[in-house]
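The values are calculated or read from the model by the stated rules, or taken from the named source; none is laboratory data. This is a predicted model, so every value here is computed, not measured. With ideal geometry, Cβ positions are generated from the backbone for all residues, glycine too; neighbour counts draw on all protein chains shown. Ligands, DNA and RNA are excluded from the accessible area calculation, which covers all protein heavy atoms including side chains. Shrake-Rupley method; radii C 1.70, N 1.55, O 1.52, S 1.80 Å.
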Amino acid sequence: MPFPPPPRLPSGPRRRSLLAAATGAALLGGCSPGPDTDGTAGSPSAADRARARAARDSAELVDRYDAVIAAHPALADRLRPLRAEVVRHAEAFGGTAAAGPANPSTSANPSASATSPAVPSDEKGALAELAAAERTLSDRRTGTLSALPGELARLLASVAASGSAHVYLLTEGAA
């Protein structure tokens, strides 16, 4: 015995489908990539603070490279490409760093030496200290990734990986 034909189905979407789609669209609208304010009107978001800190850390690392190059001019050719990358890192986070290559022939003025990092007197020690600074910064950046939004976390992860590569180049790569 054949089954009776089903009752006529209305053409087009049903009311429930439309309601579910509208609810989904409203929820997705709340996930827009707009600025994250953490509910604190007027104060910087966690992402903004992390970006500013990353820019500041990169600028301080550029200063460290400059101090090593000034103290050990023979290392300048080896360190300039790494320093240039760190300058680009600072800029990627919205900061600024001295973009021009460090010039070992200019003597540091007394006020700059008071704020510049101390550099070991031997080249090997200077490279080890620079590598340690890169490693510490890379580890700190890697540790903060889970608390950051997607795009900033990807940028920070990329810069942390670059820092790890710098550690290798400073310690083992071109020894």
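Pairs of Cα atoms nearer than 8 Å and 6+ residues apart set the relative contact order; for the range 114-163 it is 33 percent.
Ordering Arg88, Arg140 from largest to smallest accessible area (1.4 angstrom probe), what's the sequence? It would help to have the intermediate numbers written out before the result.
Working: Arg88 130, Arg140 95 Å².
Highest to lowest solvent-accessible surface, that is Arg88, Arg140.
In order along the range 85-97, the phi-based Karplus estimate (6.51 cos²θ - 1.76 cosθ + 1.60, θ = phi - 60°) of 3J(HN,Hα) comes to 5, 5, 4, 5, 4, 4, 5, 5, 8, x, x, 10, 8 Hz; Gly and Pro are listed as x.
Per-residue Karplus couplings for the range 153-166, computed as 6.51 cos²θ - 1.76 cosθ + 1.60 with θ equal to phi - 60°, are listed in order as 5, 5, 5, 5, 5, 5, 5, 5, 5, 4, x, 5, 5, 4 Hz, Gly and Pro entered as x. In this simple spin-label model, placing a label point 7 Å from the Cα along the Cα-to-Cβ direction at both Ala92 and Ser158 gives a separation of 0.5 nm. In terms of its C-alpha gyration tensor, the range 54-94 has an oblate overall shape, because the principal axis ratio a/c (a ≥ b ≥ c, square roots of the eigenvalues) is not below 1.5 and a/b does not outweigh b/c.
I'd like the FRET efficiency for Ala52 and Asp122, computed as 1/(1 + (r/R0)^6) with the beta carbon distance as r and R0 of 41 Å, rounded to 0.05. Working from the Cβ atoms, E equals 0.70. Tell me which residues come under 5 Å, amide H to amide H, from His72 once H is placed; ignore anything under 5 positions away on its chain. It is none; the list stays empty.
Shape class of the range 113-175 from the Cα gyration tensor (axes a ≥ b ≥ c, square roots of the eigenvalues): oblate, since a/c reaches 1.5 or more and a/b does not exceed b/c.
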